[in-house]
Amino acid sequence: GPRRKVAVIGGGPAGLAAAHDLALLQYDVTVFEAAAEPGGMMRFGIPKYRLPRTLLRAEIDRITGLGVQLRLNAPLTPAFGLRQLREAGFDAVFLSIGVSRGRDLQAPGVELDGVVKAVDYLLNVNRGFRMDLGRRVVVIGGGFVAFDAARTAIRAATEAELDATAA
């Protein structure tokens with residue numbers, strides 16, 4: 001019979017993996033990604049030095065090469081939701097909308113200027129925004145996000161010093 005259609009909501013690691021596997025199983029897959037670029041936290045959360053964007057692009061190209069359609073700037077909205085996907089002929093929907101928000105620190109002073117969640121810092125830097133953290137930075141936490149934030153801050157400070165000496 002006709003190939004069954006699956007909508008994947010979210011073009012991050014989970015959505016792309018699902019799209020890949022569904023395409024291999026002969027499903028007709030469309031990924032709806034809210035952002036202008038696919039990859040989710042792989043693109044916007046993990047620094048380039050740890051996950052080269054050329055590698056990420058090659059993996060996404062492999063998935064679209066299987067026939068997966070990629071719709072960017074296509075978030076779910078009140079006007080375009082599950083009912084509209086059903087009406088468009090999708091038999092199933094895989095929701096993989098991600099978690100790009102950091103946890104709140106339970107400590108006095110979290111609301112003060114200069115206190116930034118590591119995830120928010122990485123998201124901003126990886127989207128091309130410069131954030132001046134000052135001369136002394138403290139990172140609270142010990143996971144990948146904490147180490148990525150610390151190493152990114154060191155790299156940014158080094159680049160700023162190099163820019164200053166070159167001027």
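The values are calculated or read from the model by the stated rules, or taken from the named source; none is laboratory data. Predicted, not measured: the structure shown is a model, and the values here were computed from it. So basically every Cβ, Gly included, is an ideal-geometry build from the backbone, and we count neighbours across all protein chains shown. Surface accessibility is based on the protein's heavy atoms, side chains included, excluding ligands, DNA and RNA. Shrake-Rupley method; radii C 1.70, N 1.55, O 1.52, S 1.80 Å.
Below is a table of values for the structure above.
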read-out	value
Proximal charge balance of P2 [Cβ under 11 Å; K/R count +1, D/E count -1]	+1
DSSP-assigned coil residues among GluC sites (Glu not before Pro) in region 70-167, each with at most 16 further Cβ atoms within 10 Å	E111
Student exercise, region 1-117 dipole from Lys, Arg, Asp, Glu Cβ charges, in Debye to nearest 20	200
Selected from T64, T152, T54 as most flexible by GNM, with the chain as the system and alpha-carbon contacts under 10 Å	T54
Cα centre as origin, Lys/Arg/Asp/Glu Cβ charges: region 58-137 dipole, Debye	100
Residues in region 45-75 reached by a label modelled at V139 [backbone nitrogen below 19 Å; 7 Å Cα→Cβ]	45-53
Per residue accessible area in Å² of region 119-158, where ligands, DNA and RNA are left out and the probe is 1.4 Å	74
Semi-axis lengths (Å, descending) of the ellipsoid that matches the C-alpha gyration tensor of region 1-75	23, 13, 9
Theoretical ellipticity at 222 nm over the chain - DSSP helices of four or more residues, -39500 (n - 2.57) apiece, nearest 500	-12000 deg cm²/dmol
Solvent-accessible heavy-atom area per residue, rounded to whole Å², over region 38-91 at 1.4 Å	60
Approximate spin-label separation A36-L72, in nm, with each point projected 7 Å along Cα-to-Cβ	0.8
Percent accessible area from carbon and sulfur atoms, region 33-165, protein chains only, probe 1.4 Å	57
Most mobile listed residue (A79, A157, A149) in the chain, GNM with C-alpha springs under 10 Å	A79
At R0 = 45 Å, FRET efficiency that the Cβ-Cβ distance of Q84 and T158 yields, to 0.05	0.40
Normalised convex hull volume, the chain, alpha-carbon set, Å³ per residue	150
For the chain, built as a Gaussian network whose Cα springs stay under 10 Å, the top-fluctuating residue of I97, I60, I154	I154
Relative contact order (%) - criterion: Cα under 8 Å, at least six apart; region: region 58-167	16
Cα→Cβ-extended label distance, 7 Å offset, between L25 and A150, nm	4.1
Solvent-accessible surface (1.4 angstrom probe) belonging to V145, in square angstrom, nearest 10	60
R62-A107 FRET efficiency (beta carbon distance; Förster radius 35 Å; 0.05 resolution)	0.20
